[in-house]
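Before any comments, here is the structure.
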Amino acid sequence: MQHPRTTEEIDAAWLNEVLRGAGVIQRAMVRKVDVHAIGEGVGFLSGRARVAIDYDQTEEGAPATVVVKLPASVKESVDFAESTHAYEREIRFYREVAPRTPIRVPRMYATIMEPADHVYILVMEDLKALTAGDQVAGMSRAQVLAAARTIAPLHALWWNGDQRQALPWVQPIEEQLKQLSVTPDSVRKAWPLFLEDFGNALPPGGRALGERINQHLESILATFVKGARTLVHFDYRADNLFFDDPRRKDPVVVLDWQLTIWGLGAYDLARLTGGSIPPAERGGHHEEIVACWHQGLLNGGVTDYSPKQAWHDYRLSAIIATLNPVLFHYMFKTGGERGMALGETMAERFFSDLIECGAEAVVP
């Protein structure tokens, strides 16, 4: 089968063959599709399109719309994703992990992976009826608490367990940091360039704290890669979340598992809280959010992890999360106007989070 390389190449014949091959449709045929690119400036590693489908007949269970996710159109993004096996990781997560993990993800109609031809395609449930998270707009405290409760059972299930041997394709945090060039030298080199682009967005005291962190990166990173490990989303933020009725048992749907790793579970919480909730909404609620997540771990059977350790790991992870906009400040420029807004937002929120949660206390 000839697969599309861009969202513009998605056509009725291809989608019909995919849905029929996956057993999603049996009698109906896709007669026509209407394709609209979505998510511009939201993700940097992939392109996505919402596809409205016109069938030749009605068939129960045939989706009226689907979302198709393809590799990015920007060569630098594709090169980065393939060097880190990001596309493969996401497809294998949906195939191997999602069915046995207590977390709500989109229904997959088809997962297509042909590495030799650089083909990595997801055809999934369209979540347009739900509320999409928006990193620039930010999340409410209630949404952050719901997201913290959502990720905790996944962390608990894979907490320090032998299950790691069953997922050899999931990288340890050391390897991920190396591939992402999260090293003291790289951060120090990127720091002045980051300040040129987004220094004006930093809160009072942010620049000075960043300078102090830069001086102690070796010991900070060495501490971060130690401790209890679990399966970590690693990009747990508003743009990768959808929100259903809050009265549901599982109101949060989690997408984009391209960077899944074995690492410190608190990183997901710090990435979420530091980057996705405005300071005015977040202020004074750090301990509540961490406690919510920690209680979820206890409910999931984790017994060897104290609230004090969880709070320490959150602060430490908040520092590492802050390195994201510093190192990848240049990528925000490829996302157009929204990409730059996202860069400014992340710079302001992450550094505000460091100051508010007292992260300096864990800097040697």
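The values are calculated or read from the model by the stated rules, or taken from the named source; none is laboratory data. Just so it is clear, the model here is predicted, and its values are computed rather than measured. Every residue, glycine as well, gets a Cβ built from its backbone with ideal geometry; the counts of neighbours run over all protein chains shown.
Sub-8 Å Cβ pairs linking a first residue in segment 319-341 that is within 14 Å of Ser186 (Cβ to Cβ) to a second residue that is surrounded by fewer than 17 Cβ atoms within 10 Å (Cβ to Cβ) and among the polar types (S, T, N, Q), at least 6 apart or interchain, are Leu327/Ser181; Leu327/Ser186, ordered by first then second residue. Put simply, of Gly274, Gly283 the only residue that is at pLDDT below 95 and touching a Cys at 6+ places or on another chain (Cβ under 9 Å) is Gly274. The residues on offer are Arg237, Arg271, and the sole one that is assigned by TED's automatic domain parsing to the domain that holds Gln165, of a type in the set (Lys, Arg), more than 17 Å from Leu177 (Cα to Cα) and buried (at least 16 other Cβ atoms within 10 Å of the Cβ) is Arg237.
What do you reckon, is Ser317 at pLDDT 95 or above, crowded, with 21+ Cβ neighbours inside 10 Å and assigned to a helix (DSSP H, G or I)?
Against the criterion (at pLDDT 95 or above, crowded, with 21+ Cβ neighbours inside 10 Å and assigned to a helix (DSSP H, G or I)), Ser317 qualifies.
Among the residues examined, Leu354 qualifies as in contact with a Gly (Cβ under 9 Å, 6 or more places away or on another chain), part of a helix (DSSP H, G or I) and buried (at least 20 other Cβ atoms within 10 Å of the Cβ).
The residue of segment 118-154 that is surrounded by the fewest Cβ atoms within 10 Å (Cβ to Cβ), among those that are at pLDDT below 95 and among the charged types (D, E, K, R), is Lys128. Residues in segment 287-314 that are surrounded by 20 or more Cβ atoms within 10 Å (Cβ to Cβ) and either in contact with a strand residue (DSSP E or B) (Cβ under 6 Å, 6 or more places away or on another chain) or within 21 Å of Gly133 (Cα to Cα) (or both): Ile289, Val290, Trp293.
The condition (being surrounded by fewer than 19 Cβ atoms within 10 Å (Cβ to Cβ) and either in contact with a Phe, Trp or Tyr (Cβ under 8 Å, 6 or more places away or on another chain) or not assigned by TED's automatic domain parsing to the domain that holds Pro279 (or both)) is satisfied by just one residue among Pro184, Pro172: Pro172. Looking only at residues in segment 281-314 that are acidic (Asp, Glu) and in a helix (DSSP H, G or I), the one that is nearest to Glu218 (Cα to Cα) is Asp313. Pairs meeting the criteria (first residue in segment 169-192 and closer than 18 Å to Thr223 by Cβ, second residue assigned to a loop (DSSP other than H, G, I, E, B) and among the hydrophobic types (A, V, I, L, M, F, W, C), beta carbons under 6 Å, at least 6 apart or on different chains) are Ile173/Val225; Glu174/Val225. Checked across segment 32-51, the condition of being at pLDDT 95 or above, out of contact with any strand residue (DSSP E or B) (no Cβ under 6 Å at 6 or more places or on another chain) and not hydroxyl-bearing (Ser, Thr, Tyr) holds for no residue.
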